[in-house]
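These notes concern the structure reproduced below.
Taken together, the values in this text are just the output of simple stated rules run on the coordinates, not laboratory data. These figures come from a predicted structure and were not determined experimentally. Virtual Cβ from ideal backbone geometry, glycine too; neighbours counted across all protein chains shown.
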Amino acid sequence: MKKLLWWLIAGSTGGPNRGRIIIKLNKKPHNANQLTESLNLNYKTVRHHLKVLEENKVITSSGKKYGDLYFLSDKIIENYADFKEIWQKLDIDGEKL
């Protein structure tokens, strides 16, 4: 899981936004619109990152397409310490853990 997180968070220009989404979802479930507003990102950008995170089993969703609530997967919850370590090493301003 740690290698996957490095790739998802540090391996591309979209990684910091994916990290911010993970942090938000660790605090409470959100839908795409709520994430768009709270992270001040474009809706399509948020949807793209949610798709990447869901395909890699970092998050799960519940609901009917529009308005789906997103949650952290059990896999990332078990490995959240690894995510925190990576996030802190990247020294990204913005979201606090």
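Note the angle between two axes, namely the Cα long axis of helix 15-27 and the longest principal axis of the Cα atoms of the chain, as a number of degrees from 0 to 90, rounded to the nearest 10. That helix lies at roughly 70 degrees to the long axis.
Treating r as the C-beta distance of residue 13 and residue 75 and R0 as 22 Å, the FRET efficiency rounds to 0.35. For the chain, adding -39500 (n - 2.57) for each run of n ≥ 4 DSSP H residues and dividing by the number of residues yields -15500 deg cm²/dmol at 222 nm.
For trypsin sites (Lys or Arg not before Pro), the sites in the chain that DSSP calls loop and that have at most 16 other Cβ atoms within 10 Å are 57, 64, 65, 96. Here the spin labels are modelled as points 7 Å beyond Cα on the Cα-Cβ line, and at residue 64 and residue 40 they lie 3.5 nm apart. For the stretch 1-90, the square roots a ≥ b ≥ c of the C-alpha gyration tensor eigenvalues yield an a/c of 1.5 or more together with a/b exceeding b/c, which makes the shape prolate. Using a cutoff of 8 angstrom between alpha carbon atoms and counting only pairs six or more residues apart, the relative contact order for the chain works out to 33 percent.
Shape call for the stretch 1-50 from the C-alpha gyration tensor, a ≥ b ≥ c root eigenvalues: rounded (a/c under 1.5), prolate (a/b greater than b/c) or oblate? Note, shape of the stretch 1-50 comes out oblate. Straight-line reach from residue 75: taking Cα to Cα under 24 Å and skipping same-chain neighbours fewer than 8 places apart, the lysines in range are 2, 3, 24, 27, 28, 51, 57, 64, 65, 84, 89, 96.
The long axis of helix 80-90 is offset from the longest Cα principal axis of the chain by roughly 70 degrees. A cut-off of 5 Å between modelled amide H atoms, ignoring neighbours fewer than 5 places along the same chain, links residue 73 with 59, 60. The label-point distance for residue 28 and residue 91, in a model that sets each label 7 Å from Cα toward Cβ, rounds to 3.3 nm. Across 42, 17, 31, mean-square fluctuation computed from a Gaussian network of the chain (C-alpha pairs under 10 Å connected) peaks at 42. Note on residue 55 and residue 4: the model spin-label points, each 7 Å out from Cα along the C-beta direction, lie 1.4 nm apart.
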